[in-house]
């Protein structure tokens, strides 16, 4: 396992995807509302779309047709190609209960420096 | 082998047979011939018109209203354990005069109870409704659901209703309340995406597309989620399209769930646990093709046998399901899947 210094903590905001270069690849960082920093691979596990262009949104739910609610803002990543939803809390695809999963990386913060462990 | 025939079309000799069961003023209207029933907007091309040509009364006239004939031609020779009567008089086809339509549904149900269900304990009955007045339809379901031979509600596929629309919820609530199956069957109004086509053969080949549209509507508008114990059967609408629809709808759901989050499962999961199909017309598949198709469906619990008697495209249970299929699969198609759907047990010997 190798620690890679990727950015300063104040460069990562809630609701925003920050791509960082690690080796020859790209990792995406975002801050969840509870202040957790999440790091995920930049390729969609479905067909490989570049997730730098994904959107961060809430979890849309409903118990009754045409009565929509959005919960957990900024915690769902939607692929820029097909709109597949991934829950950033665990990387699992929402619609099929985790049949697909985003690759996640461990994040460490020291002295306002953000490290990704690969 | 035990056998459930899930699509058999009893009828009357004419709409005037309903006069004794109608309230006024509808009784007087029908008695004086103000309306003579539905007429198809096309010409049948088979030798017996819409029916097998050998379904004849003693005087040679066509018949679909004779219990004795049905018994001699179907129930006894094929030793049917249960025969599910599904009618072909669907008042929902009447696009106006909802009061008359609902009264016709009630009258037909009473007619069937007296002239069909009471004559043979092998018959399983269906409730006819006027779906255009869902509250009245629910009252009709409540009225006769407790009849011991009634097991399902017929939902006729016409040309202007997708049953997922929220206005039809009272029908599903009533069916679930009474533990009844929802059966979808085409009518003479059912169309494909661009209408009936230009020939009867087109119209007949298009019928499965109308069923696909209904399944899409029911699942994506939340009927399967809102009524979790309700089960559905597609009658005479084909079944070989199921793998396509499961794959396509699952893909659509993965990418578009945010629009319909009241749908809590993959569409294929709903289909697998809640949707069944009658086999007729079997599309003349070989034994190998049946096995490949069932493999693609992901399970052998979907299919239940039907003859479609007395209609011209009848499937003979001795021929239409290949004898080369494994015995346990044949038993599921002929008996177990249908018995599970309708909650039936083998009669005491």
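Only the coordinates and a few stated rules stand behind these numbers; no lab work does. Note that the structure is a prediction, hence the values are computed from the model and not measured. Positions of Cβ are backbone-derived with ideal geometry, glycine not excepted, and every protein chain shown enters the neighbour counts.
Extending each Cα 7 Å along its Cβ direction at residue B:269 and residue B:45, get the distance between those two points in nm, one decimal.
4.5 nm
What order do you get for B:247, B:335 when you list them from fewest to most C-beta neighbours inside 10 Å?
On the way: B:247 13, B:335 20.
Ascending number of Cβ neighbours within 10 Å: B:247, B:335.
Suppose each label sits 7 Å from its Cα in the direction of the beta carbon; what would the residue B:27-residue B:202 distance come out to in nanometres?
Going by the 7 Å Cα→Cβ label model, 4.6 nm.
Mind giving me the FRET efficiency for residue B:244 and residue B:53? R0 is 45 Å, r the Cβ-Cβ distance, nearest 0.05 is fine.
On the way: r = 35 Å, r/R0 = 0.77.
Working from the Cβ atoms, E equals 0.85.
Between residue A:117 and residue B:177, what is the label-point separation in nm under the 7 Å Cα-to-beta-carbon projection?
Going from the residue B:177 label point to the residue A:117 one covers 5.9 nm.
Treating the Cα atoms of the stretch A:3-117 as identical point scatterers in vacuum, please give the log10 of the normalised Debye intensity I(q)/I(0) at q = 0.23 Å⁻¹, two decimals.
With one equal scatterer per Cα and no solvent, log10 I(q)/I(0) is -1.33.
Given only helices, namely DSSP H runs of n ≥ 4 each adding -39500 (n - 2.57), what is the per-residue ellipticity at 222 nm of the protein assembly as shown, to the nearest 500 deg cm²/dmol? Show your work: numbers first, answer last.
On the way: 12 runs with 118 residues, N = 467.
My calculation for the protein assembly as shown gives -7500 deg cm²/dmol from helical runs alone.
Among B:179-188, B:279-288, how do they line up from the highest to the lowest mean number of other beta-carbon atoms within 10 Å? If you can, show how the numbers build up before the last one.
Details: B:179-188: 21.0, B:279-288: 16.8.
Most protected by this proxy first, the peptides run B:179-188, B:279-288.
In whole percent, what relative contact order does the stretch B:272-333 give with Cα contacts below 8 Å and a gap of six or more residues? Before the final figure, lay out each step's value.
Working: 58 pairs, mean separation 25.5, N = 62.
Once normalised by length, the contact order is 41 percent.
Any chance you could check the Cα centroid distance between the stretch A:52-85 and the stretch A:20-49 for me, in angstrom?
So the two Cα centres are separated by 17 Å.
How high is the relative contact order of the stretch A:48-118, given as a whole-number percent (alpha carbon pairs under 8 Å, six or more residues apart)? Mind dumping the intermediate values first?
Values: 108 pairs, mean separation 13.5, N = 71.
For the stretch A:48-118, the relative contact order is 19 percent.
Give me the distance between the Cα centres of the stretch B:135-158 and the stretch B:308-328, rounded to whole Å.
Value for the Cα centre distance between the two parts: 28 Å.
Relative contact order of chain B: what whole-number percent is it, with Cα pairs under 8 angstrom and at least 6 residues apart?
Working: 587 pairs, mean separation 68.8, N = 349.
It comes to 20 percent, rounded to a whole number.
Which value, in Å to one decimal place, does the Kirkwood hydrodynamic radius take for chain B when every pair of different Cα atoms is included? Write out the running numbers ahead of the final one.
Working: mean 1/r = 0.0484 Å⁻¹.
Result for chain B stands at 20.7 Å.
What ranking do B:157, B:55 get, fewest neighbouring Cβ atoms within 10 angstrom at the top?
Details: B:157 25, B:55 21.
Lowest count first: B:55, B:157.
Would you mind pulling out the separation of the Cα centroids of the stretch B:252-270 and the stretch B:168-186, in Å?
That distance is 22 Å.
Let me test this: with uniform point scatterers at the alpha carbons of the protein assembly as shown, what is the Debye-based log₁₀ I(q)/I(0) at q = 0.08 1/Å?
Once normalised to I(0) and log-transformed, intensities are -0.57.
For a quick check: sort A:88, B:3 by the number of other beta carbons within 10 angstrom, fewest at the front.
Details: A:88 21, B:3 18.
Listing A:88, B:3 from fewest to most nearby Cβ atoms yields B:3, A:88.
Let's test the formula: R0 of 25 Å, r as the Cβ-Cβ distance of residue B:229 and residue A:99. What FRET efficiency results, to the nearest 0.05?
Values: r = 27 Å, r/R0 = 1.06.
Computed FRET efficiency for residue B:229 and residue A:99 comes out at 0.40.
Say a paramagnetic label sat at a point 7 Å from the Cα of residue A:70, along Cα to Cβ; which residues of the stretch A:22-58 have their backbone N under 14 Å from it?
Backbone N within reach: A:55-58.
To the nearest whole number, what is the average tally of beta carbon atoms from other chains within 10 Å of the beta carbons of peptide B:211-224? Before the final figure, lay out each step's value.
Working: counts 0, 0, 0, 0, 0, 0, 0, 0, 0, 1, 2, 5, 1, 0.
Taking all residues of B:211-224 together, the mean is 1.
Can you divide the C-alpha Rg of the stretch B:221-291 by 2.2 N^0.38 Å and report the result to two decimal places? Can you show the working numbers first?
Working: Rg = 14.0 Å, N = 71, 2.2 N^0.38 = 11.1 Å.
Ratio of Cα Rg to 2.2 N^0.38 Å: 1.26.
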